[in-house]
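The values are calculated or read from the model by the stated rules, or taken from the named source; none is laboratory data. Every value quoted in this text rests on a predicted model; they were computed, and no experiment measured them. Counting neighbours? That spans all protein chains shown, and the Cβs are built from the backbone with ideal geometry, glycine included. Keep in mind that these areas ignore ligands, DNA and RNA; they rest on the heavy atoms of the full protein, side chains included. Shrake-Rupley method; radii C 1.70, N 1.55, O 1.52, S 1.80 Å.
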Amino acid sequence: MDVVLLVNPAARAGAHTGAAPRAAARLRERGIRTTIISGGSADESSALLRAAVDLGTDAVVVAGGDGTVNLALPVLAGTGIPLGIIPAGTGNDLATTLGLRELDADAAADAIADGRTRTIDLARITRDDGTTSLFGTVLASGFDSKVNDRANAMRHPRGGSRYNIAILVEFLRLAGIPYRVDLQLADGSAERVEGDLVMATVGNGRTYGGGIPICPGADPADGLLDVLLVKPAGRLRLLRLLPRVYRGTHTTASEVSTYRVRSVRLSSPGVTAYADGDPVGALPLTIDVVPAALRVFAPVS
């Protein structure tokens, strides 16, 4: 098997951990011909990856976090070429979805060499100008996106703990935001939600922010997306809700509404959405599911 291994040195974390060369060495030990590619920017990395795929490769491996993994999604979606992940970023939430989060570089490389794959859905974002992009984990808006803004601007600490600190800081500034949410439900019917919300989140996967199970019921292979809406409440009541978010038990709270949808349109003035940990544009945005879009390596259970 011939694979290309992408590492993005422009990523915020993970590029200099040594995970990529360790994984490459392990793959070669397992008899897999491995070529490392690396661009000086996200655009250059994407271009190099497209060129490698056009020349012919049996698989693509990404060493990094969700932002770097996201570079591979539009290149591989619908091709049948499998994606392997060496978790080496801040969040690693798609790796979490695939059962790879706790694996070191050698073990993650072994999961690729073992050759077991599964097929998952992706989510597609459509902007009002007609441009589109894909994500694999969670799209966050409202309180969530403000947390991402703050976490991404923090130099310390590194790792998922920065999200926890950002959550607490932004919680002190918490306020409702006017939203209109247009849902196409799983049965094809339509529903609209209008009014102030604290946050509106769309999940293809379960977790964001380094393992926080914000959409605990999401299944990345069911052909649907999970939408979670949180209405304003007293700050003390929402503070009591935070520990439940970390346990994934928050969806039964009275302030929280959840939906299984084929697509959703989020509209709110002045709100920027994040997906796979990176900004994807200002609302309004339409998000729909792309079923069975991506083949991925997963560890043998």
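Along the axis of the charge dipole computed for the chain (Cβ charges of +1 for Lys and Arg, -1 for Asp and Glu, origin at the Cα centre), the listed residues ALA153, LEU73, LEU98 are led at the positive end by ALA153. Heavy-atom accessible area with a 1.4 Å probe sorts HIS250, HIS156, largest first, into HIS156, HIS250. Computed over protein heavy atoms with a 1.4 Å probe, the carbon and sulfur contribution to the accessible area of the chain reaches 50%. Were the residues from ARG50 through ALA175 laid out at 0.36 nm apart, the gain over their Cα-Cα distance would be 40.7 nm.
Ellipsoid semi-axes for segment 204-258, based on the Cα gyration tensor and the rule √(5λ), read 21, 12, 8 Å when sorted largest first. Taken about its Cα centre, segment 1-108 carries a charge dipole of roughly 180 debye when the Cβ of each Lys and Arg holds +1 and the Cβ of each Asp and Glu holds -1.
Using only side-chain charges placed at the Cβ, +1 for Lys and Arg and -1 for Asp and Glu, the dipole size of segment 108-219 relative to its Cα centre rounds to 540 debye.
Extension gain, VAL290 to ALA186: 0.36 nm times the residue separation minus the Cα-Cα distance gives 36.1 nm. Would you work out if segment 1-133 is rounded, prolate or oblate? Take a ≥ b ≥ c from the square roots of the eigenvalues of the alpha-carbon gyration tensor; rounded if a/c is under 1.5, else prolate when a/b is larger than b/c, oblate otherwise. Note, shape of segment 1-133 comes out rounded.
Counted over the chain, the DSSP beta bridges are approximately 75% antiparallel.
Taking the Cα centre of the chain as reference, the dipole from Cβ charges on Lys and Arg (+1) and Asp and Glu (-1) amounts to some 820 debye.
A 1.4 Å probe run over the protein chains yields, for segment 206-301, 42 Å² of accessible area per residue, whole-number rounding. The slack in the chain from THR252 to ALA153, taken as 0.36 nm per residue of separation less the alpha-carbon distance, amounts to 32.4 nm. Sort segment 177-285 into rounded, prolate or oblate with this rule: let a ≥ b ≥ c be the square roots of the eigenvalues of the Cα gyration tensor; rounded if a/c is under 1.5, and if a/c is not under 1.5, prolate when a/b is larger than b/c, oblate otherwise. Rounded, because the longest to shortest axis ratio a/c is under 1.5. Directionally averaged projected area (the chain, Cα convex hull): 14.7 nm². Spin-label model, ASP114 to ASP222: label points 7 Å out along the Cα-to-beta-carbon direction sit 2.5 nm apart. Placing a pseudo-label 7 Å from each Cα along the Cα-to-Cβ vector at ASP106 and ASP2 gives an inter-label distance of 2.9 nm. The HN-Hα couplings worked out from phi for segment 55-65 by the Karplus form 6.51 cos²θ - 1.76 cosθ + 1.60 (θ = phi - 60°) are 6, x, 8, 7, 7, 10, 10, 10, 9, x, x Hz, whole numbers, x standing for Gly and Pro. Computed over protein heavy atoms with a 1.4 Å probe, the accessible surface of segment 1-154 works out to 38 Å² per residue. State, as an integer percentage, the relative contact order of the chain based on alpha-carbon contacts under 8 Å between residues 6 or more apart. The value is 22 percent. With R₀ fixed at 35 Å, the C-beta to C-beta distance from ARG33 to ARG262 puts the FRET efficiency at about 0.30.
When the Cα gyration tensor is reduced to axis lengths a ≥ b ≥ c, the ratio a/c is 1.5 or higher for segment 96-200, and with a/b not above b/c it is classed as oblate. Between the Cα long axis of helix 235-247 and the first principal axis of the chain there is an angle of about 30°, rounded to the nearest 10.
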